[in-house]
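What follows draws every value from the coordinates through simple rules; no lab data is involved. Because the structure is a prediction, the values reported are computed rather than measured. Positions of Cβ are backbone-derived with ideal geometry, glycine not excepted, and every protein chain shown enters the neighbour counts.
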Amino acid sequence: MQSIIDAIESGEIKNAEIACVISDKEDAYALKRAEKHGIEGIYVNPKTYDRQAYDDAVLKILKGKETDLVLLAGYLRIISDSLVNAYKNKIINIHPSLLPSFKGLHAQKQALDYGVKFTGCTVHFVEPDLDAGPIILQKIIAIEDGDTDETLSERLLVEENKAYREVVKLFVENKLEVNGRFVKIKK
């Protein structure tokens, strides 16, 4: 999230503003970051809703803010079909693997355990299935001898930040064209 805030504030991403930050964790650092940058932070308590009602509450907030794009950053909840469908090809997630490999949690550990030589990150549109939406952009890094979850995650985070900023900029500039599973980046 900080990378996106910085890119907007620096002018790297033009004609964009962050309408709000929504979290399902009251003490999420994202809410503190938002406050520091004058962005409204909203905590939605998941204990007061069932899954569908929670997403309905989030959807109401997003619609009220006239949100054009939803970015998931450290948001580990599975999103309901109704929320995904309300923002078809307008919810973007980043995952720390080269999807479709190593879906779900602990992707770096999965990659290390499997013994792959390369991993990376994937920025994709969100669909109802977990980590399955159309792929927008991927960045690749080599796995080095002696890598641990921590060292791999640290090196990968640099690429994740670059990739997410790049995709948000492309979206804002209307340079993404989705055709089924394929995303074309227009010149």
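The figures follow:
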read-out: Sole residue being under 20 Å from I135 (Cα atoms) and among the polar types (S, T, N, Q), chosen from S23, S101; value: S101
read-out: Filter result for the condition that a residue is surrounded by fewer than 15 Cβ atoms within 10 Å (Cβ to Cβ) and within 20 Å of I8 (Cβ to Cβ), over K169, K175, K184; value: K175
read-out: Failed item, numbered, when T151 is tested on (1) over 24 Å from I91 (Cβ atoms); (2) of a type in the set (S, T, N, Q); (3) part of a strand (DSSP E or B); value: (3)
read-out: Positions within the range 2-23 being surrounded by fewer than 19 Cβ atoms within 10 Å (Cβ to Cβ), more than 14 Å from the chain's Cα centre (by Cα), in a helix (DSSP H, G or I) and in contact (Cβ under 8 Å) with a residue 12 or more places away in the chain, in sequence order; value: E9
read-out: Hits in the range 87-139 - residues which are under 26 Å from N174 (Cβ atoms), touching a Ser or Thr at 6+ places or on another chain (Cβ under 7 Å) and of a type in the set (S, T, N, Q); value: T122, Q138
read-out: Residue among A111, A30, A34 that is crowded, with 17+ Cβ neighbours inside 10 Å, part of a helix (DSSP H, G or I) and in contact with a Cys (Cβ under 8 Å, 6 or more places away or on another chain); value: A34
